[in-house]
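Undergrad: Pasting a structure below so you can have a look.
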Number of protein chains: 2
Amino acid sequence: MAKKKSPLSDEALVVVARRFAVLAEPMRLRLLQVLFAGEKSVGALAEAAAGTQANVSRHLQTLAEAGLVSRRKEGLQVFYAIADPSIFQLCELVCGSIDQQNQARAKVFAKP
Amino acid sequence: MAKKKSPLSDEALVVVARRFAVLAEPMRLRLLQVLFAGEKSVGALAEAAAGTQANVSRHLQTLAEAGLVSRRKEGLQVFYAIADPSIFQLCELVCGSIDQQNQARAKVFAKP
DNA sequence: TGCGTATATGCGTAATCACTTAAATATGAA
DNA sequence: TTCATATTTAAGTGATTACGCATATACGCA
């Protein structure tokens, strides 16, 4: 029994905005993109994303707090993985929208 | 001929992040939600969203630059409208994901 | 031309946040 | 215990930005 579309409360808007804000950083998007290939440790992620270990750890914490990635500790290492499958569709949707806008813009400036 | 899924370049990630950042403000989300009902003037939007005229005008400019809303001038008034239909699916997707997380959390604390 | 209205913009302020460096914590091995 | 490794956290800095207030611009009308 999914709720029908109704105006969101101010509190709900804040939550949604927060979700978008988490995705509004290139470094976090890059980490998610690396994680698309599967679970990885913090060190591996830092190297793959070309970031400092401290900074990557912080971004991973942000992603985990938002419920987008999961955290699994194994000995000295901590492994992160995609926890919210909607991320795939979300990125696909946004990329598709941007592609469409670019194509529309290209059409305007196309030679006659 | 849609491109297959391949790692996005750093520049592309910046563009995608920017798109998310535009959606990462409660006031802008509220404006979009009001616009879901149809085209409206700046003044009408300011009243419906309970914001100052200056601030709403600024947010609308941000949304327009991102290609999310369209601008139509008619006499003294300027009318804005949803320009990117993917916004509907995007909000639906995010809200659904948040709902799912909330239900999962509720389940954890459910009485036995 | 001058006046009133609708919208946009310039400026200052406060808050948020990403990033770096350095230090702290946690785990496993010797 | 002591040491080394992997990760997290603390503190400081610079950049971005939302908001309020005041002013500027654009348009219609008399």
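The values are calculated or read from the model by the stated rules, or taken from the named source; none is laboratory data. Keep in mind the model is a prediction, meaning the values are calculated, not measured. Neighbour counts are summed over all protein chains in view; Cβ atoms, including those assigned to glycine, are modelled from backbone coordinates with ideal geometry. SASA here: full protein model, heavy atoms, side chains in, ligands and nucleic acids out. Shrake-Rupley method; radii C 1.70, N 1.55, O 1.52, S 1.80 Å.
Undergrad: What about A:Leu31, is it touching a His at 6+ places or on another chain (Cβ under 8 Å), buried (at least 16 other Cβ atoms within 10 Å of the Cβ) and over 30 Å from B:Gly38 (Cα atoms)?
TA: The answer is yes for A:Leu31.
Undergrad: With on the phi > 0 side of the Ramachandran plot and within 11 Å of chain B (Cβ to nearest Cβ) as the only criterion, which of A:Ala12, A:Ala50, A:Ala104 stands out? Lay out the reasoning, then the answer.
TA: Details: A:Ala12 fails: on the phi > 0 side of the Ramachandran plot; A:Ala104 fails: on the phi > 0 side of the Ramachandran plot.
The conditions single out A:Ala50.
Undergrad: Next up: Go through B:Val34, B:Val94 for me and flag whichever is more than 8 Å from chain A (Cβ to nearest Cβ) and not hydroxyl-bearing (Ser, Thr, Tyr).
TA: On the way: B:Val94 fails: more than 8 Å from chain A (Cβ to nearest Cβ).
Checking each option against the conditions leaves just B:Val34.
Undergrad: Here are the criteria: (1) near DNA strand D (Cβ under 10 Å from one of its atoms); (2) surrounded by fewer than 22 Cβ atoms within 10 Å (Cβ to Cβ). Tell me which single one B:Ser41 does not satisfy.
TA: (1) is the only condition that B:Ser41 fails.
Undergrad: Among residues belonging to region B:55-91 that are among the acidic types (Asp, Glu) and either within 14 Å of B:Val22 (Cα to Cα) or within 14 Å of chain A (Cβ to nearest Cβ) (or both), point out the one that is nearest to DNA strand C (Cβ to nearest atom).
TA: Ranking the candidates gives B:Glu65 first.
Undergrad: When you scan region B:68-86, how many residues do you find that are open to solvent by 20 Å² or more (accessible area, probe 1.4 Å) and within 16 Å of DNA strand D (Cβ to nearest atom)?
TA: Total meeting the criteria: 9.
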